[in-house]
1. Given axes a ≥ b ≥ c from the Cα gyration tensor, I'd like to know whether region 36-79 is rounded (a/c under 1.5), prolate (a/b larger than b/c) or oblate.
2. How do the peptides 168-178, 42-52 rank, highest first, by the average count of neighbouring beta carbon atoms within 10 Å per residue?
3. Cα gyration tensor of region 18-156, axes a ≥ b ≥ c as square roots of the eigenvalues: rounded (a/c below 1.5), prolate (a/b > b/c) or oblate?
4. Quick check: the angle from helix 354-371's long axis to the longest principal axis of the chain, C-alpha only, nearest 10 degrees?
5. Relative to the longest principal axis of the chain, what angle (0 to 90°, nearest 10) does the C-alpha long axis of helix 18-30 take?
6. What does the helix-only formula give at 222 nm for the chain: each DSSP H stretch with n ≥ 4 adding -39500 (n - 2.57), the total divided by the residues, and the result rounded to the nearest 500 deg cm²/dmol?
7. Can you tell me the 0 to 90 degree angle between the C-alpha axis of helix 180-192 and the longest principal axis of the chain, rounded to 10?
8. Over region 234-297, consider all pairs of different Cα atoms and compute the Kirkwood hydrodynamic radius from their mean reciprocal separation; express it in Å, one decimal.
Amino acid sequence: MPDLEDVLPRFAIIGAGPSGLCVARTFVRHGIPYDQFEADAALGGIWYHGAYATAHIISSRKISQFPEYPMPAGYPDFPSQQQVLDYLNAYAEHFALRDRITFNKKITLVQPLPGGSWNLLFESGEYRRYKGVVVCNGHHWDRRWPSYSGQFNGEIIHSKDYKSPEQLRGRRVLVIGGGNSACDIVSEAARVAADAHLSLRHGYWFMPKTALGKPIVELIGPYPLWLQRIVHRVVLAICVGDYRRYGLPLPNHRLFDRHPSVSTEALHYLKHGRIHPHPDVARYDGAEVEFVDGTRVGADLIVCATGYHVSYPFLAPGLAEVRGSVVRNYWGMISPQYRHLYLVGWGQPRSGFGNLLEPLAETLAQSIKTQDRMQFPLGAVLRRLRMPLPESHLADPFQLERGYRKARRLLPLLPRIERWLCSESDNAAPLPVLSPPVRSAEPMRVY
């Protein structure tokens with residue numbers, strides 16, 4: 001392990017997906033030195049390692065591009081997986097970010113040290129010490145599996161492992177879940193599989209991708225949530241109608257309390273009888289699946305589109321408080337206890353990535369510069385000011401932008417008032433005891 005004097009006076013950025021790239025670009029602009037590490041062989045995050053070849057974004061080009069570097073004008077409203085990956089590579093080239101990324105460099109431990117620096121252990125056994133750490137490891141990789149009694153004799157995969165329609169061709173396919181990946185995969189099964197079945201635990205809000213000739217996500221404006229709900233309910237009443245006419249259950253929650261599923265194709269194939277909807281699975285029974293209403297279907301392949309855990313397996317225990325899909329950090333990124341630990345990109349706003357990552361990264365850069373002028377951890381000062389911690393991973397994009405602007409206005413005041421708010425106990429964040437975190441063997445049935 002390196003000596004204390006070997007602390008590198010820069011930050012470690014973990015991950016080179018959209019969040020990591022935007023943070024790196026912002027650090028360059030602010031003159032914040034950093035090293036960037038990516039466990040994969042290439043940049044792009046989920047658009048490199050996770051998205052299936054036929055995927056298209058459900059947000060639109062307009063709200064997914066970085067305002068500083070727009071997507072090509074020739075891109076469609078809903079770019080494909082390859083187009084998004086090409087765009088992220090072009091972004092990295094344009095801002096000269098690629099040469100500062102070390103690929104195939106997996107981090108196995110991030111640990112705070114006395115004095116406020118951070119120790120990083122790599123899979124190779126190498127140690128490095130950094131001034132701070134920005135974690136941008138994404139939230140679409142740690143698979144969440146449903147749990148049912150019985151045994152299924154066919155093949156079961158997670159939607160993360162779905163890559164192309166050839167996996168579905170000629171087979172009896174059951175997709176479990178009602179999110180966007182579930183809609184994409186069951187729609188492809190409707191085209192190429194022998195049978196396509198969709199199991200829903202509860203009702204979802206299914207929305208078409210376009211309305212009035214525009215991507216439906218662009219109908220969201222800087223209005224109160226109650227008004228957004230009214231506008232979208234009117235659009236859905238006109239464009240979709242009663243979900244029961246598609247064989248679907250009615251939603252059991254208000255619009256936008258959970259992520260709606262944006263898919264024109266799923267509704268299309270439901271009306272054409274190519275997708276057969278079912279309630280929740282009751283149990284597996286050999287080559288068949290029984291549902292809670294007592295009906296049964298035969299299946300060769302089950303695709304579990306049941307979401308992901310928010311997961312930081314390399315963080316020493318106690319560094320991140322994760323409640324379900326929510327990371328309890330101030331402004332969605334600042335540790336409540338530790339100086340210069342930032343967790344970025346875990347939230348899921350109703351928007352594309354680009355238009356929100358830029359103000360987030362700007363707020364992060366200004367937070368880092370402010371922290372360098374402060375005696376106490378920034379999170380401790382925000383706690384003393386009774387700043388709220390996030391309660392949900394979902395967020396209204398316009399509310400987030402307003403929140404980042406307010407945060408940037410507040411930051412210059414904090415070094416002036418911290419000594420009136422904090423005591424030495426706020427500088428005494430505990431050093432974690434290094435023992436591997438334990439996750440229950442029972443998978444969650446939340447999707």
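Just so it is clear, none of the values below were taken in a lab; they were calculated from the coordinates. Because the structure is predicted, anything quoted here is derived from the model rather than measured. Because the Cβ atoms are built from the backbone with ideal geometry, glycine has one as well, and the counts that use them run over all protein chains shown.
1. Oblate is the answer for region 36-79, as a/c is 1.5 or above yet b/c matches or exceeds a/b.
2. 168-178, 42-52
3. Here region 18-156 falls in the oblate category.
4. 20 degrees
5. 30 degrees
6. -8000 deg cm²/dmol
7. Roughly 40 degrees between the two axes.
8. 13.7 Å
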